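Structure first, then comments.
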Amino acid sequence: MDDLDALLNRCDKNQKRLKKWLKDQELVAYRLYDRDMPEFPLAIDRYADGLHVQVFERKRPVTDEQLDKLRDALLQHFQLEPLQLGFKTRKRQRGLDQYEKLALDAPSFEVSEYGLSFEVNLHRYLDTGLFLDHRQTRKMVREQSQGKSLLNLFAYTGSFTTYAAAGGASRSLTVDMSKTYQAWSQRNLEINGLASAQHQMLQTDVLAFLADRQQKLTFDLIVLDPPSFSNSKRMHNTFDVQRDQVDLLRNTLRFLAPGGQLIFSNNRQGFSLDEQLLNEANFEEITEQTVPMDFARYRPHRCWKVTR
């Protein structure tokens, strides 16, 4: 990671290549650089006037000195203040150990996306609050939401809920275990003037909610975007999306109304759909439709449209 000019030149080249597309799409949050060069194993995302940088671990770990030089080069090249640069090192360990210490007092700010606004934070949490790779999927949900009900599972900060509400959804239930993220979801609705009694939040273990046979609710649209792996202390067991997909999808399909649609996605590298599920519902892979142009270099997720 010594020839930083090469990295900065590539960022400038990518920015120029994306410029017209970004203007046409009216986007201010996008992936600028995605491990384009092997010697720079980084993902750089632009969030309006800020940058969020992830450094991926390699066999030869990046030294603290190299990281400091990289930070300084990015700050100078993009003319940023320190709080405008979120910088995280992703390691092979799972969970909180993936990231270096976070700045708990860093301020949040808003970015716009297809006419909606979302709160993001470059420093305080493990991720920013808005997963940019599902931009197209969110747009798809908005286009299909008029007069329909939505169940948003593993909802994170509720961006799918905000899109559905903007698209005229009749009601929604947003389910996530985190009190912090549920409050964030509510703020995203409020920012866009979409908060109402029809859009409910439920803070609970999603897997326990889905497995509860007393639940009789059904929804026209369901968004299921689970983590690849979770060992949260608030869950009874660990969760692995490859290992546990059959029970997860069977339980989720119980909530799907007749004629409804489930959007199932995950970012597990090497994920393969269990063939048992093909006898339970119709699975149409729509990954190519949901991966946006700025994420074309490395497929960030796989996505299916599921109907019965």
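Read the figures in this text as sums done on the coordinates, not as results from a lab. These numbers come from a predicted model, not from an experiment. Here the Cβ positions follow ideal geometry from the backbone for every residue, glycine too, while neighbour counts run over all protein chains shown.
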Would region 131-307 count as rounded, prolate or oblate if I go by the C-alpha gyration tensor, calling it rounded below 1.5 in a/c and otherwise prolate when a/b exceeds b/c, oblate otherwise? rounded
Report the Cα-based extents of the chain along its three principal axes, largest first, to the nearest Å. 58, 40, 36
Give me the percent of DSSP beta bridges within region 4-113 that run antiparallel, rounded to the nearest 5. 65 percent
Arrange the peptides 125-138, 72-85 so that the one whose residues have, on average, the most other Cβ atoms within 10 Å appears first. 125-138, 72-85
Taking the Cα centre of the chain as origin, sum charge times position over the Cβ atoms of Lys and Arg (+1) and Asp and Glu (-1), and report the length of that vector in debye to the nearest 20. 500 debye
Assign unit charges at the C-beta atoms only (+1 for Lys and Arg, -1 for Asp and Glu), then state the dipole size of region 16-80 relative to its Cα centre in Debye, rounded to the nearest 20. 340 debye
Just to be sure I understand: of the beta bridges DSSP finds with both ends in the chain, what percent are antiparallel, rounded to 5? 50 percent
Under 5 Å between amide H atoms, partner at least 5 residues away or on a different chain: which partners does Arg90 have, H built in plane at 1.01 Å? Val55, Phe56, Glu57
Report the one residue of Ala183, Leu273, Pro292 whose Cα lies farthest in the direction of the positive end of the charge dipole of the chain (charges on C-beta: Lys and Arg +1, Asp and Glu -1; origin at the Cα centre). Leu273
Assigned charges on the beta-carbon of Lys, Arg, Asp, Glu; region 131-307 dipole about Cα centre (debye): 400 debye
State, as an integer percentage, the relative contact order of region 194-308 based on alpha-carbon contacts under 8 Å between residues 6 or more apart. 26 percent
Run the numbers on region 3-89 and let me know its relative contact order in percent, using alpha-carbon pairs under 8 Å that are six or more apart. 24 percent
Rounded to whole Å and sorted largest first, list the principal axis extents of the Cα atoms in region 4-113. 39, 33, 26
Counting only DSSP beta bridges with both residues in region 131-307, what percent are antiparallel, rounded to the nearest 5? 35 percent
Determine the distance separating the Cα centre of region 248-308 from the Cα centre of region 31-65; give it in Å without decimals. 28 Å
Under 8 Å for C-alpha pairs, at least 6 residues apart: give me the relative contact order for the chain, rounded to a whole percent. 12 percent
Sorted peptide list for 207-216, 150-159, criterion being average Cβ within 10 angstrom, highest first: 150-159, 207-216
From the residues Leu27, Val53, Ala6, which one has its Cα farthest along the dipole of region 4-113 in the positive direction, the dipole being from +1 and -1 charges on Cβ of Lys/Arg and Asp/Glu about the Cα centre? Ala6
